[in-house]
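Quick one: this structure, given as structure tokens, is what I'll be asking you about.
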2 protein chains.
Amino acid sequence: MRATFITAPGDIEIRQIPEPTLREQTDAIVRITHSCVCGSDLWSYRGVKEVPKPLQIGHEFIGEVTQVGDDVTTIKVGDFVVAPFTTSDNTCVHCRAGFQSACQNLGFYRGCQAEFTRVANADGTLIAVAEPRPEQVRSLLACSDVLGTGWHAAVSAGVGPGKTAVVVGDGAVGLCAVIAARVLGAERIVAMSRHEPRQQLARTFGATDIVAERGEVGINAILDLTDGLGAQAVMECVGTREAMEQSIAIARPGTCVGFVGVPHGVQMPLEPYFQRNIGLRGGMAPVRAYLPHLIELVLAGTIDPGLVFDLTLPLDEVADAYQAMDERRAIKVMLEP
Amino acid sequence: MRATFITAPGDIEIRQIPEPTLREQTDAIVRITHSCVCGSDLWSYRGVKEVPKPLQIGHEFIGEVTQVGDDVTTIKVGDFVVAPFTTSDNTCVHCRAGFQSACQNLGFYRGCQAEFTRVANADGTLIAVAEPRPEQVRSLLACSDVLGTGWHAAVSAGVGPGKTAVVVGDGAVGLCAVIAARVLGAERIVAMSRHEPRQQLARTFGATDIVAERGEVGINAILDLTDGLGAQAVMECVGTREAMEQSIAIARPGTCVGFVGVPHGVQMPLEPYFQRNIGLRGGMAPVRAYLPHLIELVLAGTIDPGLVFDLTLPLDEVADAYQAMDERRAIKVMLEP
């Protein structure tokens, strides 16, 4: 089959490799109908994260089950499935507490920008849905990571009715955090975004205000919007020190910054959290916990997170997909084998 | 009057200065009957925090009101009062949200290891109580900072019935966090302490287990006690990077480290929080929020936090008080003018 490899920073190529096979009786094999490129894939692409050797890449997909192990009971061959970006047993203490991303049997895919993938703990990982209508495909794919991650930011930040919520970061995750804030009842939703098309999409998703500035000016803009008190729910969806500093500065004392931006070597002083009682919650999103609800919202047409895919390319052009996202020509690229 | 000054690291002296006077009509003057030395005072004493010039020091006291401004309505001359370690109006948005330590009119005392002090926003800061019996004095004084701070650690960590709680740090605050964990219903309370007398006091306060080891060995001991899952409520009561790293490592995914140890230049990488969804909550304790309840618990004899005072000295010997705490000969020293 064809599969995407990153061989060095900036170097993405399609290679022919054998199709995956079942290893455990709890595995399933999925024929991937749609996958995509993640903002976090760009860390390797940009050389921020090391690429020690050629690696298969990709962790977001939807598709059709082609094989299941003998111990798989809830998923069967022919099912159309949505997959979270990690595999989990969904039965351990951490899973039962809603933190499947800390599952005691946590697993990662080998690489899903490909034609097939093996899914460990298929019962605890995959969710079967009716074969989606074409217009539902993008939004189901978005559930796999960016929507679930944006949702985790909102839940971690404590978004709720009547609150002013601010999203730091206008990538696909940040835009999905806007959706989450709207569904969770925030009264005012501020998207911090400098890019006109993303501002537009943020508004479509429910943002009531846009702040284009960053740093001190951006911080002051948020304080102005909140009578100098700070926002009651700040979602950090970038992963840099600058974004975290900004998030802390605009958060109201006693509230939590919900953070889902993947940090790479970011060190933060504890004083700013301490002095104003700003909490920090979040991390790798337990997408599996949110997935049933998110799929329901998508299928009911309540939300349309698939709008973050503003470019679709065939798998063979995956290198262009990375380039488009790296250059911010595309928010998020969907791949079709 | 006599007042304590820190003139340089390691140098504590009593100086004669004028008695404080009312500046605002919302002020009160309090004759201090008991004050004490705080672990955070040791930061300057040890030179970790700069001492740019001689400074009056101390922020914990109880005493009798001797003057009030015209706008003070709930506190009157002759009242015996307990004071939190910061002053607050108790009416602003942050105070109403329970974060008086982030009050929009937050204030700090000039120095309370002295005979008198001026209290700004007396109505929003002080709580009047009946003249305490001698055996209640120490525990009321403990409410002023260490008990309220330990309580904040427990609240921030989400201590609750049935949970396993771990306290990192065996200073007066850590020991009070044990009290808080017990009152808030923790099923198992582990005190991490290397010092036998403090272990003993932790047990008196409700600790069910003691772990004397630190670092990797200490972490593994906690994991052993929790079936490898980590504790559901970890309270960081030290303020060093080592203590924070240890706290994160022993926390169960999805839970929060409640942190109240004052950090000085501590930088923490975000990855450990991110990877296992460990939250961070806490900071400078809003003692005023907890004070009515804590005083009630003390006066009812439910708790006896005053046991952290294992040495009482006259104010004139305040330099010895600092030395005793610095050398860990005393957990906490009470001063009587």
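The values are calculated or read from the model by the stated rules, or taken from the named source; none is laboratory data. Owing to the predicted nature of the structure, the values given are computational and were not obtained by experimental measurement. Glycine gets a Cβ as well: all are built from the backbone with ideal geometry, and neighbour counts include every protein chain shown.
Within region A:208-221, is even one residue surrounded by fewer than 18 Cβ atoms within 10 Å (Cβ to Cβ) and touching a residue at least 24 places away in the same chain (Cβ under 8 Å)?
Scanning region A:208-221, I find at least one residue that is surrounded by fewer than 18 Cβ atoms within 10 Å (Cβ to Cβ) and touching a residue at least 24 places away in the same chain (Cβ under 8 Å), so the answer is yes.
Is there a residue being in a helix (DSSP H, G or I), within 14 Å of chain B (Cβ to nearest Cβ) and either out of contact with any helix residue (DSSP H, G or I) (no Cβ under 9 Å at 6 or more places or on another chain) or in contact (Cβ under 8 Å) with a residue 40 or more places away in the chain (or both) anywhere in region A:312-328? Give the derivation first.
Initially, region A:312-328 is screened for residues in a helix (DSSP H, G or I), giving A:315-326.
Cutting the leftovers down to within 14 Å of chain B (Cβ to nearest Cβ) gives us none.
Checking region A:312-328: not a single residue is in a helix (DSSP H, G or I), within 14 Å of chain B (Cβ to nearest Cβ) and either out of contact with any helix residue (DSSP H, G or I) (no Cβ under 9 Å at 6 or more places or on another chain) or in contact (Cβ under 8 Å) with a residue 40 or more places away in the chain (or both).
Output the number of the condition that residue B:244 fails; it satisfies all remaining conditions of (1) in the same structural domain as residue B:168 (by TED's automatic domain parsing); (2) over 19 Å from the mean Cα position of the chain (by Cα).
(2)
Can you confirm whether residue B:3 is touching a residue at least 24 places away in the same chain (Cβ under 8 Å) and touching a Gly at 6+ places or on another chain (Cβ under 9 Å)?
On the way: touching a residue at least 24 places away in the same chain (Cβ under 8 Å): yes; touching a Gly at 6+ places or on another chain (Cβ under 9 Å): yes.
Yes; evaluated as a whole, the condition is true for this residue.
Yes or no: region A:24-44 includes at least one residue that is of a type outside the set (S, T, N, Q) and within 14 Å of chain B (Cβ to nearest Cβ).
Initial filter on region A:24-44 (of a type outside the set (S, T, N, Q)): A:24, A:27-32, A:34, A:36-39, A:41-43.
Adding the requirement that they be within 14 Å of chain B (Cβ to nearest Cβ) leaves A:43.
Scanning region A:24-44 turns up at least one residue that is of a type outside the set (S, T, N, Q) and within 14 Å of chain B (Cβ to nearest Cβ).
Mind listing just one residue for me: the one in region A:302-337 that is in contact with a Phe, Trp or Tyr (Cβ under 9 Å, 6 or more places away or on another chain) and of a type in the set (D, E, K, R) and, of those, surrounded by the most Cβ atoms within 10 Å (Cβ to Cβ)?
Step by step, filter region A:302-337, then rank; the result is A:332.
Pairs please, first residue from region B:256-276 and closer than 10 Å to residue B:240 by Cβ and more than 7 Å from chain A (Cβ to nearest Cβ), second anywhere and of a type in the set (Asp, Glu) and in a strand (DSSP E or B), Cβ atoms under 9 Å, 6+ apart in sequence or on different chains.
Final answer for the pair search is B:261/B:236.
Also, quick follow-up: On the given criteria, is residue B:87 modelled with pLDDT of 95 or more and farther than 30 Å from residue B:282 by Cα? I'd like the intermediate steps shown before the answer.
Numbers: modelled with pLDDT of 95 or more: yes; farther than 30 Å from residue B:282 by Cα: no.
Against the criterion (modelled with pLDDT of 95 or more and farther than 30 Å from residue B:282 by Cα), residue B:87 does not qualify.
With the checklist (1) surrounded by 24 or more Cβ atoms within 10 Å (Cβ to Cβ); (2) within 30 Å of residue A:252 (Cα to Cα) in hand, flag the one item residue B:268 doesn't pass.
(1)
Please work out which residue is farthest from the other protein chains (Cβ to nearest Cβ), limiting yourself to region B:119-148 and to residues that are touching a Gly at 6+ places or on another chain (Cβ under 9 Å) and of a type in the set (Val, Ile, Thr).
B:137
Residue check: is residue A:21 in contact (Cβ under 8 Å) with a residue 60 or more places away in the chain, part of a loop (DSSP other than H, G, I, E, B) and among the hydroxyl-bearing types (Ser, Thr, Tyr)?
Details: in contact (Cβ under 8 Å) with a residue 60 or more places away in the chain: yes; part of a loop (DSSP other than H, G, I, E, B): yes; among the hydroxyl-bearing types (Ser, Thr, Tyr): yes.
The answer is yes for residue A:21.
May I ask you to say which residue of A:258, A:206 is under 22 Å from residue B:255 (Cβ atoms) and within 22 Å of the chain's Cα centre (by Cα)?
Values: A:206 fails: under 22 Å from residue B:255 (Cβ atoms).
On inspection, the qualifying residue turns out to be A:258.
Another question, then. Within region B:27-45, which residues are within 23 Å of residue B:285 (Cα to Cα) and not hydrophobic (A, V, I, L, M, F, W, C)?
Kept after step one, since they are within 23 Å of residue B:285 (Cα to Cα), are these residues of region B:27-45: B:27-28, B:30, B:32, B:34-45.
B:27, B:34, B:35, B:39, B:40, B:41, B:44, B:45, listed by residue number.
Sticking with this one: For region A:116-138, give me the residue count where each residue is closer than 13 Å to residue A:60 by Cα and surrounded by 24 or more Cβ atoms within 10 Å (Cβ to Cβ).
Qualifying residue count for the region: 4.
Being among the acidic types (Asp, Glu) and part of a loop (DSSP other than H, G, I, E, B) is the filter here, so list the residues in region B:209-265 that pass it.
Going through region B:209-265, the residues among the acidic types (Asp, Glu) turn out to be B:209, B:213, B:216, B:224, B:227, B:236, B:242, B:245.
Across region B:209-265, the qualifying residues are B:213, B:227.
List, please: which pairs have Cβ atoms under 6 Å, are six or more places apart or on different chains, and start with a residue in region A:236-253 that is under 21 Å from residue B:99 (Cβ atoms) and end with one that is part of a helix (DSSP H, G or I) and polar (S, T, N, Q)?
Partner pairs satisfying both residue conditions: A:236/A:247.
Then there is this: Within region A:127-170, count every residue that is in contact with a Lys or Arg (Cβ under 9 Å, 6 or more places away or on another chain) and under 14 Å from residue A:80 (Cα atoms).
Of the residues in region A:127-170, 2 are in contact with a Lys or Arg (Cβ under 9 Å, 6 or more places away or on another chain) and under 14 Å from residue A:80 (Cα atoms).
Still on this structure, I have one more. Within region B:290-299, is there a residue that is within 14 Å of another protein chain (Cβ to nearest Cβ) and touching a residue at least 40 places away in the same chain (Cβ under 8 Å)? Spell out how you get there, then give the answer.
Filtering region B:290-299 for residues within 14 Å of another protein chain (Cβ to nearest Cβ) gives B:290.
Remaining after also requiring touching a residue at least 40 places away in the same chain (Cβ under 8 Å): B:290.
The answer is yes; a qualifying residue exists.
For region A:199-208, name all the residues that are part of a helix (DSSP H, G or I), closer than 25 Å to residue A:160 by Cβ and not small (Gly, Ala, Ser). Don't jump to the end; show me each part of the working.
Within region A:199-208, the subset part of a helix (DSSP H, G or I) is A:199-205.
Now restrict to residues that are closer than 25 Å to residue A:160 by Cβ: A:199, A:201-205.
A:199, A:201, A:203, A:204, A:205, listed by residue number.
Any residue at all in region A:221-233 that is within 22 Å of residue B:245 (Cβ to Cβ) and either among the basic types (Lys, Arg) or facing another protein chain (nearest Cβ under 9 Å) (or both)? Even if it seems obvious, please write down each step before you answer.
So in region A:221-233, the residues within 22 Å of residue B:245 (Cβ to Cβ) come out as none.
No, region A:221-233 contains no residue that is within 22 Å of residue B:245 (Cβ to Cβ) and either among the basic types (Lys, Arg) or facing another protein chain (nearest Cβ under 9 Å) (or both).
Listed here are the residues, each with its yes/no results for (1) more than 20 Å from the chain's Cα centre (by Cα); (2) at pLDDT 95 or above; (3) farther than 30 Å from residue B:319 by Cα.
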residue: B:3; (1), (2), (3): yes, yes, no
residue: B:43; (1), (2), (3): no, no, no
residue: B:54; (1), (2), (3): yes, yes, no
residue: B:67; (1), (2), (3): yes, yes, no
residue: B:95; (1), (2), (3): no, yes, yes
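Further question: In region A:53-63, which residue that is under 22 Å from residue A:294 (Cβ atoms) and outside any loop (DSSP other than H, G, I, E, B) is farthest from the other protein chains (Cβ to nearest Cβ)?
Applying the filter and picking the extreme gives A:63.
Could you tell me whether region B:242-262 includes any residue that is on the phi > 0 side of the Ramachandran plot and surrounded by fewer than 18 Cβ atoms within 10 Å (Cβ to Cβ)?
Step one: of region B:242-262, the residues on the phi > 0 side of the Ramachandran plot are B:254.
Still in the list and also surrounded by fewer than 18 Cβ atoms within 10 Å (Cβ to Cβ): none.
No, the conditions are met nowhere in region B:242-262.
When both residues are 6+ apart or on different chains and their Cβ atoms are under 8 Å apart, which pairs have a first residue that lies in region B:112-129 and is of a type in the set (Lys, Arg), and a second that is in a loop (DSSP other than H, G, I, E, B)?
B:118/B:20; B:118/B:21; B:118/B:22; B:118/B:23; B:118/B:27; B:118/B:109; B:118/B:110
To continue, here is another question. Based on this model, can you work out whether residue B:157 counts as within 14 Å of chain A (Cβ to nearest Cβ), in contact (Cβ under 8 Å) with a residue 24 or more places away in the chain and under 14 Å from residue B:231 (Cα atoms)? It would help to see each step written out before you state the result.
Values: within 14 Å of chain A (Cβ to nearest Cβ): yes; in contact (Cβ under 8 Å) with a residue 24 or more places away in the chain: yes; under 14 Å from residue B:231 (Cα atoms): yes.
Criteria met by residue B:157.
Taking region A:27-52, which residues are surrounded by fewer than 20 Cβ atoms within 10 Å (Cβ to Cβ) and part of a strand (DSSP E or B)?
Selection gives A:31, A:33.
Among (1) in a strand (DSSP E or B); (2) out of contact with any Lys or Arg (no Cβ under 8 Å at 6 or more places or on another chain), where does residue B:66 come up short?
Looking at each condition in turn, residue B:66 falls short on (2).
Restricting to region A:235-255, give me the number of residues that are within 24 Å of residue B:158 (Cα to Cα), more than 11 Å from every other protein chain (Cβ to nearest Cβ) and polar (S, T, N, Q).
Selection size over region A:235-255: 1.
Mind checking whether some residue in region A:131-147 is part of a helix (DSSP H, G or I) and touching a Leu at 6+ places or on another chain (Cβ under 6 Å)? Quick ask: steps written out before the conclusion?
In the first step, residues of region A:131-147 are kept if they are part of a helix (DSSP H, G or I); the result is A:134-143, A:146-147.
If we keep only those that are touching a Leu at 6+ places or on another chain (Cβ under 6 Å) as well, we get A:143, A:147.
Yes, region A:131-147 has at least one match.
What number of residues in region B:77-118 are within 13 Å of chain A (Cβ to nearest Cβ) and outside any loop (DSSP other than H, G, I, E, B)?
Result for region B:77-118: 7.
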